[in-house]
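The next block holds one structure in the form of structure tokens; read it before the comments.
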Amino acid sequence: MTIEERIKEIESEIKKTQKNKATEKHIGLLKARIAKLEIEEESHKKSGGGYGFSVSKSGDATMALVGYPNVGKSSLLNNLTNKKSTVGNFEFTTLTVIPGTLNYNGAQIQILDLPGIIDNAALGAGRGREIISTIRNVDLIVLVTDIQLKGLDRIVSELYKAGIVLNKKRKDISFKKTNYGGLRIHKPKHVDINIKDIRDIAKEFKVVNGDIYIRENVDMDDLIDFFKGNIVYIKSFMVVNKIDMPHDELLLKKKLSGIDYIEVSAATGYNIEKMKENIYRSLDLVRIYMRNKAGEVDYERPLILSDGSTVRDVCRKISREMLPSFRYAIITGPTRKIELRVGLDYKVNDEDVITLISKY
Ligand SMILES: Nc1nc2c(ncn2[C@@H]2O[C@H](COP(=O)(O)OP(=O)(O)OP(=O)(O)O)[C@@H](O)[C@H]2O)c(=O)[nH]1
Ligand SMILES: [Mg+2]
């Protein structure tokens with residue numbers, strides 16, 4: 001039996017198994033087995049390269065339009081940016097990555113229009129492998145489908161097969177391998193997991209010696225992702241394009257219940273502004289305004305950083321030479337009641353106004 005056949009077999013076993021509390025673990029172990037096989041399969045195919053299309057990242061953040069062929073990804077790129085990517089009423093109009101830039105709230109957001117993803121993109125069908133490695137490096141994925149919901153059932157699992165997990169955060173788990181002594185599991189009291197479950201999953205990945213540290217609550221899927229390794233966690237939302245075309249509104253809503261999506265039309269421009277807003281918001285960016293020596297603030301061109309950035313990141317973004325001469329920073333801004341004097345580790349907020357004071 002080939003690896004692919006074995007994966008198929010386990011997948012059908014999962015489908016046959018009723019999902020409930022009692023079978024949760026069984027299913028978890030089957031998923032672990034699939035993950036392990038997928039790693040094996042990947043290593044067989046490594047020779048095919050996989051460096052992604054050569055497009056360099058630019059701007060403050062990068063996002064990708066991902067979806068089946070012919071759903072309107074290129075049309076959307078043209079609407080969102082000043083770029084003209086070729087649009088055609090057939091599949092695989094776009095054969096390489098086309099970058100465009102969306103200017104929003106002072107941020108330059110690079111948008112990548114990609115060839116359509118089809119089945120087994122993760123396994124290298126078509127130019128799947130190249131597409132996937134490009135996607136792995138973006139900050140946000142906008143899943144594009146159309147009123148027929150083309151690809152909806154497959155895209156997310158294709159991405160997952162390629163080690164791309166959407167809308168989850170990496171869990172605080174680490175592992176130190178040892179050569180003997182068995183498996184020791186370390187966790188604080190508040191973390192509520194079954195030690196036996198962890199051991200069983202680890203065993204599926206042939207991990208039998210070492211120390212596992214689990215510092216927050218995790219489920220079986222999180223553990224599988226951890227052992228599988230090479231996973232990237234990327235934020236995402238979905239757009240349903242071609243909403244200008246006749247469709248059954250109720251049916252669409254029903255099929256999409258529980259999913260975070262926006263209805264758009266690249267043809268009429270409907271909700272394109274809302275899409276831009278959502279892209280910006282999903283990227284979690286902050287705008288920082290610099291005050292110069294003369295006390296003037298440049299509100300036109302903010303520095304754009306990711307949420308959670310510190311004064312150190314602000315300095316780095318301005319210039320390398322900034323750091324050694326840094327003395328302190330003065331922060332004001334709409335979310336600040338008083339003027340603050342802070343050091344490099346201080347976390348900045350959106351729309352903070354910063355004055356950097358140097359030693360010399
Ligand atoms: N009615 C309607 N047609 C659209 C819309 N967006 C795109 N189309 C049409 O759908 C077809 C496919 O559009 P593309 O933008 O080339 O789709 P794509 O997803 O980039 O396709 P590939 O590059 O082949 O993956 C074209 O004929 C477009 O004119 C829309 O919002 N409404
Ligand atoms: Mg296209």
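The values are calculated or read from the model by the stated rules, or taken from the named source; none is laboratory data. Since the structure is predicted, the reported quantities are computational estimates derived from the model, not experimental observations. Note that each Cβ is placed from the backbone with ideal geometry, even for glycine, and that neighbours are counted across all protein chains shown. Ligands, DNA and RNA are stripped out before the accessible areas are found, and what is left, the full protein with its side chains, is counted by its heavy atoms. Shrake-Rupley method; radii C 1.70, N 1.55, O 1.52, S 1.80 Å.
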Listed residues Tyr68, Thr268, Val342: farthest to the positive end of the dipole of the chain (Cβ charges): Val342
Residue list for segment 310-335, given a label point 7 angstrom along the Cα-to-Cβ vector of Asp298 and an amide N cut-off under 16 Å: 314-322
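In Å², and per residue, what accessible area does the chain have when probed at 1.4 Å with the other protein chains present?
On the way: 19580 Å² over 360 residues.
In whole numbers, the chain has 54 Å² accessible per residue.
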Spin-label zone in segment 208-240 - amide nitrogen under 18 Å from a point set 7 Å from the Cα of Lys189 along the C-beta vector: 214-217
Rounded FRET efficiency, nearest 0.05, which uses the C-beta distance separating Gln108 from Lys253 and R0 of 35 Å: 0.50
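Dipole magnitude of the chain about its Cα centre, charges +1 at Lys/Arg Cβ and -1 at Asp/Glu Cβ only, in debye to the nearest 20?
Details: 59 positive and 49 negative charges, 235 e Å.
Dipole of the chain, to the nearest 20 debye: 1120 debye.
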Mean projected area in nm² (Cα convex hull; one quarter of hull surface) for the chain: 23.8 nm²
Residue list for segment 1-23, given a label point 7 angstrom along the Cα-to-Cβ vector of Val207 and an amide N cut-off under 14 Å: none
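Report, in listed order, any pair from Lys83/Lys276; Lys21/Lys161; Lys36/Lys203; Lys57/Lys235; Lys57/Lys242; Lys25/Lys196 with a Cα-Cα distance greater than 21 Å. Numbers along the way, then the final one.
Numbers: Lys83/Lys276 15 Å; Lys21/Lys161 25 Å; Lys36/Lys203 11 Å; Lys57/Lys235 17 Å; Lys57/Lys242 29 Å; Lys25/Lys196 10 Å.
From Lys83/Lys276; Lys21/Lys161; Lys36/Lys203; Lys57/Lys235; Lys57/Lys242; Lys25/Lys196, over 21 Å: Lys21/Lys161; Lys57/Lys242.
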Calculated from backbone phi, Karplus (6.51, -1.76, 1.60) coupling profile of segment 153-168 in Hz, x at Gly/Pro: 6, 10, 4, 4, 6, 4, 5, 4, 4, 8, x, 10, 9, 9, 6, 10
Segment 285-358 shape via C-alpha gyration tensor axes, a/c threshold 1.5: rounded
Average silhouette area of segment 123-197, convex hull of alpha-carbon atoms, in square nanometres: 8.9 nm²
Highest-fluctuation residue, Tyr299, Tyr270, Tyr180 considered, GNM on the chain with Cα pairs under 10 Å: Tyr180
FRET efficiency estimate (nearest 0.05) - Cβ-Cβ, Lys177 to Asp219, R0 30 angstrom: 0.80
